[in-house]
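The values are calculated or read from the model by the stated rules, or taken from the named source; none is laboratory data. This one's a predicted model, so the numbers in the text were calculated from it and none came from an experiment. Note that each Cβ is placed from the backbone with ideal geometry, even for glycine, and that neighbours are counted across all protein chains shown.
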Amino acid sequence: MQTLLFVPADSARKLEKALRSGADALLIDLEDSITPANKATARQMARDFVVAHGGQPGVPRLIVRINAADSDLMDADLDAVICEGLSALMLPKCCGGRDVQQLSARIALREALGNFPPGSFGILPIITETAASLFAMGTFARSSRRLIGLTWGAEDLAADLGAKTNRDAEGRWIGPYEMARSLTLLAARASGVAAIDTVYPDMADAAGFAKACFEAARDGFDGKMAIHPSQVAVIKAAFMPSPEELAHARAIIAGVEAAGGSGVIALDGKMIDEPHLKQARRVLARAGKYPS
């Protein structure tokens, strides 16, 4: 999943528009974008949308962001949206692998009651929205087979820290947020799941958003979340390898194959070994040209 688009669950117009966005996944939101008075309506709309469209050809993966465990809303969310067509649940305010395990147990109960095969629904946690969560980054590995990725959030973290801003005057992440971003990438790699970069909330700053997408792809993230359909194409363009990157990756793979799978070869005067081969495969996988 390179492109994950947030869409509020209580807007039929936005849900239908999101289907045509070209995103790999839709993050159907029951949390921050839904007022308390509209939670019940949003749950029913989310369920109806997932049942109508989930799993259909050409439809993005449908992931529902539920409310946090400490909100007293999670069980009602799960009862409503665990249904045919759902791909995964996004878990906000996640403070470690234990939270993933607890959500997994709640999902397993509903899978059994609904006669779904065990493990039908994945979990995508947001893992940096509280200060406490940054001390649990090493606990996600092997926390659950449902884990499909890890992503991070800067706005809630800023609120938790009481910070006036999370970026400096040049638009760069301030220390705690750069650390949270890096830890998310490292935790995802240690867990063997996708690393998804956070949203870029300034819709008016097209240049800043494009730069953020480029940096996410450069640094090793597998995808990025979007808050508007217009951002989807920008993310895709940033994560598509350049012709030069593709040519270099193909040359590495061809050289290794020509050498009979030798562990070390020379290419353009440089030593190429297993880490370079792994990176070449990753580049081609991003372009859809080579198995992951």
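Of all residues being among the charged types (D, E, K, R) and within 20 Å of D75 (Cβ to Cβ) in region 1-52, which is surrounded by the fewest Cβ atoms within 10 Å (Cβ to Cβ)? Just the residue, please.
So the first thing to find is which residues in region 1-52 are among the charged types (D, E, K, R), and the list is 10, 13-14, 16-17, 20, 24, 29, 31-32, 39, 43, 47-48.
Right, trim to within 20 Å of D75 (Cβ to Cβ) and you get 10, 29, 31-32, 39, 43, 47-48.
Details: D10: 22, D29: 24, E31: 24, D32: 13, K39: 19, R43: 24, R47: 21, D48: 15.
Per the criteria, the residue is D32.
Put simply, of D77, D70 the only residue that is among the charged types (D, E, K, R) and touching a helix residue (DSSP H, G or I) at 6+ places or on another chain (Cβ under 9 Å) is D77.
Within region 242-270, if we keep just the residues that are surrounded by 13 or more Cβ atoms within 10 Å (Cβ to Cβ) and of a type in the set (D, E, K, R), the residue that is nearest to R218 (Cα to Cα) turns out to be E245. Taking residues in region 216-244 that are assigned to a loop (DSSP other than H, G, I, E, B), and partners anywhere that are basic (K, R), the pairs with Cβ atoms closer than 6 Å and at least 6 places apart or on different chains are P241/R286.
Can you say whether D197 is farther than 24 Å from R20 by Cα, in the same structural domain as R145 (by TED's automatic domain parsing) and charged (D, E, K, R), as far as the supplied structure shows? Spelling it out, it is not the case that D197 is farther than 24 Å from R20 by Cα, in the same structural domain as R145 (by TED's automatic domain parsing) and charged (D, E, K, R).
Residues are listed down the side, and each one gets a yes or a no for (1) buried (at least 17 other Cβ atoms within 10 Å of the Cβ); (2) not basic (K, R):
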{"position": "R110", "(1), (2)": "yes, no"}
{"position": "A132", "(1), (2)": "no, yes"}
{"position": "I148", "(1), (2)": "yes, yes"}
{"position": "T184", "(1), (2)": "yes, yes"}
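Considering only residues that are assigned to a loop (DSSP other than H, G, I, E, B), over 11 Å from C94 (Cβ atoms), at pLDDT 95 or above and out of contact with any helix residue (DSSP H, G or I) (no Cβ under 7 Å at 6 or more places or on another chain), which ones fall in region 137-163?
Applying the first criterion (assigned to a loop (DSSP other than H, G, I, E, B)) to region 137-163 yields 140-146, 148, 152-154, 162-163.
Adding the requirement that they be over 11 Å from C94 (Cβ atoms) leaves 141-142, 144-146, 148, 154, 162-163.
Narrowing further to those that are at pLDDT 95 or above: 141, 144-146, 148, 154, 162-163.
R145, I148, G162, A163 - these are the residues of region 137-163 that are assigned to a loop (DSSP other than H, G, I, E, B), over 11 Å from C94 (Cβ atoms), at pLDDT 95 or above and out of contact with any helix residue (DSSP H, G or I) (no Cβ under 7 Å at 6 or more places or on another chain).
Being small (G, A, S), under 23 Å from I227 (Cβ atoms), in contact (Cβ under 8 Å) with a residue 12 or more places away in the chain and in the same structural domain as L185 (by TED's automatic domain parsing) is a property that holds for G122. Does region 171-190 contain any residue that is outside any helix (DSSP H, G or I), charged (D, E, K, R) and touching a residue at least 60 places away in the same chain (Cβ under 8 Å)? The answer is no; no qualifying residue exists.
Based on this model, can you work out whether D273 counts as under 26 Å from D32 (Cβ atoms), at pLDDT below 95 and either charged (D, E, K, R) or loosely packed, with under 13 Cβ neighbours inside 10 Å (or both)? For D273, the condition - under 26 Å from D32 (Cβ atoms), at pLDDT below 95 and either charged (D, E, K, R) or loosely packed, with under 13 Cβ neighbours inside 10 Å (or both) - is not met.
Residue-by-condition table, conditions (1) in the same structural domain as D156 (by TED's automatic domain parsing); (2) closer than 17 Å to V199 by Cβ; (3) in contact (Cβ under 8 Å) with a residue 60 or more places away in the chain:
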site	(1), (2), (3)
D10	yes, no, no
S21	yes, yes, yes
L26	yes, yes, no
L30	yes, yes, no
A40	yes, no, no
A46	yes, no, no
F49	yes, no, no
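In region 59-91, of all residues being closer than 15 Å to S104 by Cα and acidic (D, E), the one that is surrounded by the most Cβ atoms within 10 Å (Cβ to Cβ) corresponds to D77. Scanning region 112-129 for residues that are touching a Lys or Arg at 6+ places or on another chain (Cβ under 7 Å) and surrounded by fewer than 21 Cβ atoms within 10 Å (Cβ to Cβ) yields one hit, G119. So for region 254-268 (the condition being assigned by TED's automatic domain parsing to the domain that holds M90, out of contact with any helix residue (DSSP H, G or I) (no Cβ under 6 Å at 6 or more places or on another chain) and not in a helix (DSSP H, G or I)), does at least one residue qualify? The answer is no; no qualifying residue exists.
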